[in-house]
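Colleague: Before anything else, here's the structure in question.
The values are calculated or read from the model by the stated rules, or taken from the named source; none is laboratory data. What you are looking at is a predicted structure, and each value in this text was computed from that prediction instead of being measured. Cβ placement follows ideal geometry from the backbone for every residue including glycine, while neighbour counts extend to all protein chains displayed. We work out accessible area using only protein heavy atoms, side chains counted, and drop any ligands, DNA or RNA first. Shrake-Rupley method; radii C 1.70, N 1.55, O 1.52, S 1.80 Å.
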Amino acid sequence: MGSTAVRAASPHRLSDTALAALGAGRPDPATLGELRRARLSRHLLLLREIAVATRTDDFAALAAAERAEPERVRDLLARPLFGVWATRCLTALRAGATPDRAGVGHLSDLAARARTPRARRVPGRRLTAEHDGLRISVRLEDTDPLRAGLGLPPAPPLTAEELARWQTAFEDAWRLLVDLVRPDAAILAAILDSVVPVRADPAARGISATSADAFGAVAISEPADATAFAVGLLHETQHSILNAVQYLFDLLAAPDELGYSPWRDDPRPASGILHGAYAYLTVTRFWRARPGDPLARFEFARWRAAVAAAADGLRDLTPAGERFVGALRAEVRPWLDEPVDPVVLRLAEGANRDHRLRWRLRNLHVDPADAAALASAWRRGEPAPPVTSVLRPAPQRALEASARLDLTHRLLRGLPLDGAEGDLAYVRGDDAAALRAYRKNPGDRAAWAGMFLTGGLRAAPELAAAAYDALRDDPPDPLAVSRWVS
């Protein structure tokens, strides 16, 4: 590549002040510009490594195009989906793939696009919006095969009717963001480059994702409404920003260590927990800006506590990580003292505890020998012996799914309630009735969580459930077993 590429690959630096502002979710335009330049540099470094691994005529074509159209080539190399291609190509080459199978020919395609006269270029689809003097325009990537690299199954190319729906939802979401969290909207406009429509997941209320290889791209299913679109874009753009920070700094000394994440039903590595806390920091700020909406107050109360707890639980931070996470904590900490309606607060605190209980029952496993020891002690009338459960990695990604949470949302939206007896009693605040109902259904792990949630029990629910399962030949009262373990 020529001089343009060399200059773009110069060293990148962030000041201590800039790093702290990023941690608080309040970076300035200069810092965001540095992150965009770092994205281009990363892409150029990947391209250099591909050139080291193999040399084909495709590189000569791209170099010639760069000499003729340097700005156009720079634009194409900076795009998020180029990062997806470059990472995949280099990985394949290092695994022994031929240049053809690794997709090196993509460089010739880029060269041809760069040298196409402006008058003959086919404009891609875009989503655009403007409100109160703030404008955003992003690529809608619904045809590029590389869009599958963001980790979710892409939707087919949008029809004209579907595109119109996406555009309307985008405009409505943008109005919300500018009106409620204008500084965050400005950050979004500076970072978001591409939106990739993906297939909806019937088991989820909406899905979205980013990729560490595609800074500035968001994959998202068609949103249910403007609020869902606004929250999804905020959330995923924060992931992109954190990915870019991690291009420059290691924040965690042990990023792969598994632990509890308030946002997922499966165990997450420390890096994922940090990502969740950082993404939900801005989401919480959005909900905080809607004080008159009961559901928004629930989301605010729930996520402020979850963000603070997740940040406090991060261990083995590097010096840069201490600065970054410290700023995150300082941003969310004052929100914990803001008043929330007691009914809403009860539901928010309950949702967090319920998630932790269900997560433990799902992911912490009791050795059969330990479960047998618990059962033997119960039969002999002895105290419960000390037993430790073990965290096991989940076989696949698990998004949060909870009938109690769904009922809570319906209650706060003022919608009719229909569900299990215990769940209905719980969301209405009748813990005694809820406990009686959960106590009758010990075969359901969600009922075990509900029993601990409404019964004032503080022991590990997975130990009580394991002991009960080992006593099935003469089933005891599950509440009595839970209190015994406690």
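Colleague: Would the stretch 444-463 turn up any residue that is out of contact with any Pro (no Cβ under 7 Å at 6 or more places or on another chain), touching a residue at least 40 places away in the same chain (Cβ under 8 Å), not basic (Lys, Arg) and not in a helix (DSSP H, G or I)?
Modeller: Within the stretch 444-463 (the criterion being out of contact with any Pro (no Cβ under 7 Å at 6 or more places or on another chain), touching a residue at least 40 places away in the same chain (Cβ under 8 Å), not basic (Lys, Arg) and not in a helix (DSSP H, G or I)), the answer is yes, since at least one residue qualifies.
Colleague: Still on this model: Scan the stretch 435-442 and tell me whether some residue there is open to solvent by 20 Å² or more (accessible area, probe 1.4 Å), out of contact with any Gly (no Cβ under 7 Å at 6 or more places or on another chain), closer than 17 Å to Arg358 by Cα and among the basic types (Lys, Arg).
Modeller: yes
Colleague: When the residues of the stretch 51-90 are filtered to those that are basic (Lys, Arg) and part of a helix (DSSP H, G or I), which remaining residue is farthest from the chain's Cα centre (by Cα)?
Modeller: Looking at residues that are basic (Lys, Arg) and part of a helix (DSSP H, G or I), I get Arg67.
Colleague: Of all residues in the stretch 154-180, which are more than 19 Å from His239 (Cβ to Cβ), not hydrophobic (A, V, I, L, M, F, W, C) and not in a helix (DSSP H, G or I)?
Modeller: Pro156, Pro157, Thr159
Colleague: Quick one: count up the residues across the stretch 464-480 that are of a type in the set (A, V, I, L, M, F, W, C) and surrounded by fewer than 24 Cβ atoms within 10 Å (Cβ to Cβ).
Modeller: So the answer is 4.
Colleague: Let me ask another. Among helices (runs of 4 or more DSSP H) lying entirely in the stretch 210-321, which contain 3 or more residues that are under 27 Å from Arg88 (Cα atoms)?
Modeller: Those helices (runs of 4 or more DSSP H) span 226-248, 270-288.
Colleague: If you scan the stretch 91-106, which residues turn out to be part of a helix (DSSP H, G or I) and surrounded by 15 or more Cβ atoms within 10 Å (Cβ to Cβ)?
Modeller: Ala92, Leu93, Pro99, Ala102, His106 - these are the residues of the stretch 91-106 that are part of a helix (DSSP H, G or I) and surrounded by 15 or more Cβ atoms within 10 Å (Cβ to Cβ).
Colleague: When you look at Ser41, is it surrounded by fewer than 16 Cβ atoms within 10 Å (Cβ to Cβ) and not acidic (Asp, Glu), yes or no?
Modeller: When the stated conditions are applied, Ser41 does not pass them.
Colleague: Identify, please: which residue in the stretch 358-404 is exposed (fewer than 15 other Cβ atoms within 10 Å of the Cβ) and among the hydroxyl-bearing types (Ser, Thr, Tyr) and is, among those, modelled with the lowest pLDDT?
Modeller: Selected residue: Thr388.
Colleague: I would also like to ask the following. Look at the stretch 13-38 and say how many of its residues are open to solvent by 60 Å² or more (accessible area, probe 1.4 Å), of a type in the set (Gly, Ala, Ser) and under 26 Å from the mean Cα position of the chain (by Cα).
Modeller: The qualifying residues number 1.
Colleague: Might you check whether a residue that is under 27 Å from Pro202 (Cα atoms), assigned to a helix (DSSP H, G or I) and among the polar types (S, T, N, Q) occurs anywhere in the stretch 398-409?
Modeller: The answer is yes; a qualifying residue exists.
Colleague: Go through (1) modelled with pLDDT under 95; (2) exposed (fewer than 14 other Cβ atoms within 10 Å of the Cβ); (3) of a type outside the set (A, V, I, L, M, F, W, C); (4) within 29 Å of the chain's Cα centre (by Cα) one by one and return the number of the condition Gly149 breaks.
Modeller: (2)
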